[in-house]
Amino acid sequence: MSIQSNLNTIKATLPEHVTLVAVSKTKPVSDLMEAYEAGQRIFGENKIQEMTEKWEQMPKDIQWHMIGHVQSNKVKFMAPYVTLIHGVDSLKLLQEINKQALKNNRIIDCLLQIYIAEEESKFGLDENELNELLTSAEFKELKNIRILGLMGMATFTEDQSQIKKEFTHLKNIFDSIQKSQDIKDFTIISMGMSGDYQLAIECGSTMVRIGSSIFGGR
Ligand SMILES: *Cc1c(COP(=O)(O)O)cnc(C)c1O
């Protein structure tokens, strides 16, 4: 199957309110260009250096999403162009993003990553840490970032009921934040990958991050 037909097949199954991030990490620019020619404009990468090299080489109407874990000292490399940072999991990182956004005279959109899996290896905040962050005085001072929603990754398992439980947990946290906090433009729930995006959409996802089902295995 070609990248174009994979894309079209997936897009045909997505409800209109769900945004597709084409996860192109490790793939060559020629593969990304094939998706671009097929109309895709949102790409997700998990390494800042790789994303920046692709950004330099590719058309400038592409929206670049950072979906991986972000090290503070590398934020400056993507600050001039990144569209959305999915994996923000600390106030310290938000402060660095704010600082670099200010230097570039921009507002950078972010999602806060919530820990929903049962795997120690995954990153993210729990609900208490999230509330603490959002209500802190330090957070309220940050004028060059915008929190557009939440991101989560489910446990890597075949157990659909487990995955469903984790996605529902994220959706519940999102709903309670939306009710209790006055955050403008808090609308995105980024959850779902190639193996579980349909379930994620059933559970309330508004943004899916799909790699291997579009570009093939890595
Ligand atoms: C790699 C990756 C994806 C895409 O995974 P696929 O299984 O290839 O669809 C989604 N989200 C994150 C955070 C990733 O690192």
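The values are calculated or read from the model by the stated rules, or taken from the named source; none is laboratory data. Just so we're clear, the structure is a prediction, and the values are computed from it rather than from any experiment. All Cβ positions, glycine included, derive from the backbone under ideal geometry; neighbour counts span all protein chains shown. Areas reflect the complete protein model, heavy atoms only, side chains present, ligands, DNA and RNA absent. Shrake-Rupley method; radii C 1.70, N 1.55, O 1.52, S 1.80 Å.
What to note about this one:
- Of the criteria (1) surrounded by fewer than 19 Cβ atoms within 10 Å (Cβ to Cβ); (2) in contact (Cβ under 8 Å) with a residue 24 or more places away in the chain; (3) of a type in the set (S, T, N, Q), which one GLN40 fails: (1)
- Residue within segment 114-132 that is touching a residue at least 40 places away in the same chain (Cβ under 8 Å), among the hydrophobic types (A, V, I, L, M, F, W, C) and surrounded by fewer than 21 Cβ atoms within 10 Å (Cβ to Cβ) present: yes
- Hey, ALA154 assigned to a loop (DSSP other than H, G, I, E, B), open to solvent by less than 60 Å² (accessible area, probe 1.4 Å) and closer than 22 Å to LYS25 by Cβ or not: yes
- Evaluation of ILE163 against the conditions (1) open to solvent by less than 20 Å² (accessible area, probe 1.4 Å); (2) under 18 Å from GLY68 (Cβ atoms) shows that the sole unmet condition is (2).
- If you go through segment 121-151 and keep only what is in a loop (DSSP other than H, G, I, E, B) and within 16 Å of the ligand (Cβ to nearest atom), you end up with SER121, LYS122, PHE123, GLY124.
- The set of residues from segment 68-111 being crowded, with 20+ Cβ neighbours inside 10 Å and in a loop (DSSP other than H, G, I, E, B) comprises VAL70, ALA79, VAL82, ASP89.
- Annotation note: of ILE189, ILE201, the sole residue that is away from the ligand (no atom under 12 Å from the Cβ), in contact with a Lys or Arg (Cβ under 7 Å, 6 or more places away or on another chain) and within 24 Å of GLU45 (Cβ to Cβ) is ILE189.
- Filter result (of a type outside the set (A, V, I, L, M, F, W, C) and over 14 Å from the mean Cα position of the chain (by Cα)) within segment 28-48: PRO28, SER30, ASP31, GLU34, TYR36, GLU37, GLY39, GLN40, ARG41
- Pairs where the first residue, in segment 180-208, is on the phi > 0 side of the Ramachandran plot and the second is hydrophobic (A, V, I, L, M, F, W, C) and not in a helix (DSSP H, G or I), C-beta under 7 Å, 6+ apart: ASP185/LEU148; GLY192/VAL208; GLY204/ILE189
- Test: residue in segment 49-61 that is buried (at least 20 other Cβ atoms within 10 Å of the Cβ), within 30 Å of GLU129 (Cβ to Cβ) and within 17 Å of the chain's Cα centre (by Cα): yes
- Residue within segment 15-27 that is among the small types (Gly, Ala, Ser), part of a loop (DSSP other than H, G, I, E, B) and either open to solvent by 50 Å² or more (accessible area, probe 1.4 Å) or in contact with a strand residue (DSSP E or B) (Cβ under 8 Å, 6 or more places away or on another chain) (or both) present: yes
- Cβ-Cβ under 7 Å pairs, at least 6 apart or on other chains, segment 1-13 side open to solvent by 40 Å² or more (accessible area, probe 1.4 Å), far side charged (D, E, K, R): GLN4/GLU34
- Matching residues in segment 172-205 - criterion: being open to solvent by 40 Å² or more (accessible area, probe 1.4 Å), under 15 Å from PRO15 (Cβ atoms) and either in contact with a helix residue (DSSP H, G or I) (Cβ under 7 Å, 6 or more places away or on another chain) or assigned to a helix (DSSP H, G or I) (or both): GLN198, GLU202
- Within segment 133-151, being open to solvent by less than 50 Å² (accessible area, probe 1.4 Å) and farther than 23 Å from VAL208 by Cβ holds for LEU133, LEU134, SER136, PHE139, LEU142, ASN144, ILE145.
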